[in-house]
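The values are calculated or read from the model by the stated rules, or taken from the named source; none is laboratory data. Everything numeric here is computed off the predicted structure, so don't read it as measured data. Here the Cβ is made from the backbone with ideal geometry for all residues, glycine too, and neighbour counts use every protein chain on show. Ligands, DNA and RNA are excluded from the accessible area calculation, which covers all protein heavy atoms including side chains. Shrake-Rupley method; radii C 1.70, N 1.55, O 1.52, S 1.80 Å.
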Amino acid sequence: MRTECSAEQFDFGMAEGRVVEAAFDAGLVTSDAGGLLLGAADRAIGLVERFAGCFRDHRRQDLVEHSVTTLVGQRVFGMALGYEDLNDHDELRHDPVLAVLAGKLSSKRETCAAVAGKSTLNRLELSREEPTRYHKIAYDEAAIEALPVTLFLEAQERPPEQIILDLDATDDPLHGHQEGRFFHGYYDCYCYLPLYVFCGRHLLLAKLRPSDIDASAGSVEAIERISRQIRARWPHVRILLRADSGFAREALMVWCDDNRVDYVFGLARNARLVAVIEQELAAAKAMAEKTGRPARRFKDFQWSTLGSWSRRRRVIAKAEWTQGEANPRFLVTTLKRNETGARALYEDIYCARGDMENRIKECQLDLYADRTSAATMRANQLRLWFASMAYVLICALRRIGLAKTAFADATCGTIRLKLLKIGALVRVSVRRIRFAMASACPAAEDWGRAAQHLARAATARASPN
């Protein structure tokens with residue numbers, strides 16, 4: 001006789017004469033045991049403690065159950081583990097992994113769990129720069145924005161001779177009536193237009209902006225702050241900015257010219273620019289028709305606009321003929337001819353900026369940086385910062401723990417799937433908390449190596465001398 005399905009027990013038929021049943025009654029079992037690596041990565045770089053230090057807690061401490069550090073860590077760890085919704089935390093607050101990551105296994109009150117539920121975390125996300133009667137946790141925007149750059153600087157063993165900062169704006173689609181909501185013609189949707197700055201895989205800036213602005217809006221202030229912070233630690237480092245034509249604006253280029261910052265920006269084509277490379281386009285067309293394959297020629301020249309530029313600048317042109325039509329592209333740069341030729345500048349330096357698109361996808365798709373459904377831009381910016389810190393944390397796990405494993409170049413989503421989502425039976429005794437993880441986990445060896453590498457990094461950070 002088949003077992004009748006109920007909310008507590010489920011019937012899955014028969015297997016070799018035995019009834020197959022399932023129920024959520026195993027007790028202390030977690031599906032996120034691999035998340036212990038996130039705690040190890042945090043100890044190696046000190047992210048949560050310093051991120052929490054950017055908040056000011058004006059609550060009555062004798063009435064507080066969950067500290068700001070617990071709340072901030074819970075939100076960051078939760079996003080890294082794949083839980084973007086605050087509603088998830090009403091159940092997750094009972095999860096032993098989050099409790100261990102918080103270093104808080106029980107609460108002072110019988111009615112509370114070790115970590116916070118959705119309502120408490122929601123009040124954190126509604127924090128303001130100044131505390132109010134109903135929002136007693138405030139945050140320091142400048143301190144939060146400086147933290148990713150500090151972590152990037154600390155990640156380098158020695159000052160590099162040159163770093164490349166990639167800038168890009170992207171769409172963050174909106175499906176409600178959030179503050180700052182505008183329709184963007186290029187993306188064909190209502191959205192925000194956040195500004196990102198990366199150095200390789202390192203995230204340096206995630207700034208939420210409305211979409212009724214130029215792509216480069218605020219870039220001068222952002223780069224000025226980031227470069228000042230970098231040069232305070234590395235005074236002789238060469239900084240090269242790289243971005244598409246949306247950032248080839250006079251204000252940004254003049255600032256770079258005046259502050260020893262090099263750049264290579266895409267340059268929007270126009271009739272005057274195309275006329276300069278007529279001969280190169282003709283040569284590329286003839287070669288393409290002869291060989292049946294795309295052909296390209298390069299030209300290097302000095303150029304200025306009719307009125308918007310204050311000086312002549314070096315421009316690189318790619319005259320390409322492909323698929324039966326012209327495909328010209330232009331760059332503007334401060335790099336000298338004797339340093340980098342036109343072809344190498346375009347193909348080896350500028351085109352490499354496309355990898356930044358993968359970093360943005362990791363932030364938005366794997367770490368939910370586009371989960372900006374709160375009513376105000378202030379709250380959505382705070383959500384973006386939480387997602388950004390989750391990205392920074394997983395990047396530290398990848399850089400420190402997984403450098404010599406099969407996951408050295410894995411995306412954040414792959415790392416979560418293969419290394420963090422591991423089932424385990426949790427046994428709690430007087431002396432220890434033991435996570436008995438799935439014996440059949442295919443990534444067990446790499447997981448163990450990562451744990452060892454992160455432990456050594458945490459020890460080195462705790463005793464730098």
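For residues in the stretch 310-348 being part of a strand (DSSP E or B), over 22 Å from Val254 (Cα atoms) and among the aliphatic types (A, V, I, L, M), which is most open to solvent (accessible area, probe 1.4 Å)? It would help to see each step written out before you state the result.
Narrowing the stretch 310-348 to residues part of a strand (DSSP E or B): 313-322, 325-326, 329-333.
Imposing the further condition that a residue be over 22 Å from Val254 (Cα atoms) reduces the set to 318-322, 325-326, 329.
If we keep only those that are among the aliphatic types (A, V, I, L, M) as well, we get 319, 326.
Numbers: Ala319: 1, Ala326: 44 Å².
Top of the filtered list is Ala326.
To keep it simple, each residue is scored yes or no on (1) more than 13 Å from the chain's Cα centre (by Cα); (2) among the hydroxyl-bearing types (Ser, Thr, Tyr); (3) surrounded by fewer than 19 Cβ atoms within 10 Å (Cβ to Cβ).
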position: Glu161; (1), (2), (3): yes, no, yes
position: Asp171; (1), (2), (3): yes, no, yes
position: Arg181; (1), (2), (3): yes, no, yes
position: Cys189; (1), (2), (3): yes, no, yes
position: Tyr192; (1), (2), (3): yes, yes, no
position: Leu195; (1), (2), (3): no, no, no
position: Phe198; (1), (2), (3): no, no, no
position: Leu205; (1), (2), (3): no, no, no
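Select from the stretch 166-191 the residues that are in contact with a helix residue (DSSP H, G or I) (Cβ under 7 Å, 6 or more places away or on another chain) and part of a strand (DSSP E or B) and write down the one among them that is farthest from Ala460 (Cα to Cα). Let's see the steps before the verdict.
Start the filter on the stretch 166-191 by keeping residues that are in contact with a helix residue (DSSP H, G or I) (Cβ under 7 Å, 6 or more places away or on another chain), which leaves 166-170, 178-180.
So of that shortlist, the ones also part of a strand (DSSP E or B) come out as 166-169.
Values: Asp166: 31, Leu167: 33, Asp168: 35, Ala169: 37 Å.
It comes out as Ala169.
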| said: Return the residues of the stretch 312-335 that are touching a residue at least 12 places away in the same chain (Cβ under 8 Å) and basic (Lys, Arg); say none if nothing qualifies. | reply: Arg313, Arg314, Lys318, Arg329
| task | For the stretch 393-420, name all the residues that are buried (at least 16 other Cβ atoms within 10 Å of the Cβ) and in a loop (DSSP other than H, G, I, E, B). | result | Leu402, Thr405, Phe407, Ala410, Thr411
| field | Ala390 open to solvent by less than 10 Å² (accessible area, probe 1.4 Å), assigned to a helix (DSSP H, G or I) and touching a residue at least 24 places away in the same chain (Cβ under 8 Å) | value | yes
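Conditions (1) hydrophobic (A, V, I, L, M, F, W, C); (2) in a loop (DSSP other than H, G, I, E, B); (3) modelled with pLDDT of 95 or more, marked per residue:
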| site | (1), (2), (3) |
| --- | --- |
| Thr3 | no, yes, no |
| Ser6 | no, yes, no |
| Val19 | yes, no, no |
| Ala22 | yes, no, no |
| Asp25 | no, yes, no |
| Leu36 | yes, no, yes |
| Asp42 | no, no, yes |
| Val48 | yes, no, yes |
| query | Does Leu124 count as more than 13 Å from Arg56 (Cα to Cα) and hydrophobic (A, V, I, L, M, F, W, C)? | reply | no
| note | Note on Val72: of the conditions (1) open to solvent by 10 Å² or more (accessible area, probe 1.4 Å); (2) β-branched (Val, Ile, Thr); (3) closer than 23 Å to Tyr368 by Cβ, unmet is (1)
| query | Restricting attention to the stretch 137-159, does a residue exist that is under 20 Å from Asp262 (Cα atoms), of a type outside the set (Val, Ile, Thr) and open to solvent by 20 Å² or more (accessible area, probe 1.4 Å)? | reply | yes
| query | Of the conditions (1) touching a His at 6+ places or on another chain (Cβ under 9 Å); (2) at pLDDT below 95; (3) open to solvent by 10 Å² or more (accessible area, probe 1.4 Å), Asn122 fails just one. Which one is it? | reply | (1)
| task | Restricting attention to the stretch 128-150, report how many residues are outside any strand (DSSP E or B), of a type outside the set (Gly, Ala, Ser), within 20 Å of Leu208 (Cβ to Cβ) and in contact (Cβ under 8 Å) with a residue 12 or more places away in the chain. | result | 9
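Looking at the stretch 50-60, which of the residues that are more than 30 Å from Ala458 (Cα to Cα) and open to solvent by 80 Å² or more (accessible area, probe 1.4 Å) is modelled with the lowest pLDDT?
Narrowing the stretch 50-60 to residues more than 30 Å from Ala458 (Cα to Cα): 58-60.
Pick out the ones that are also open to solvent by 80 Å² or more (accessible area, probe 1.4 Å) and you get 58, 60.
Numbers: His58: 94, Arg60: 91.
The selected residue is Arg60.
Condition test on Thr376, is it open to solvent by 10 Å² or more (accessible area, probe 1.4 Å) and in contact (Cβ under 8 Å) with a residue 12 or more places away in the chain? Walk me through it before giving the result.
Numbers: open to solvent by 10 Å² or more (accessible area, probe 1.4 Å): yes; in contact (Cβ under 8 Å) with a residue 12 or more places away in the chain: yes.
Here the answer is yes, as Thr376 does meet what is asked.
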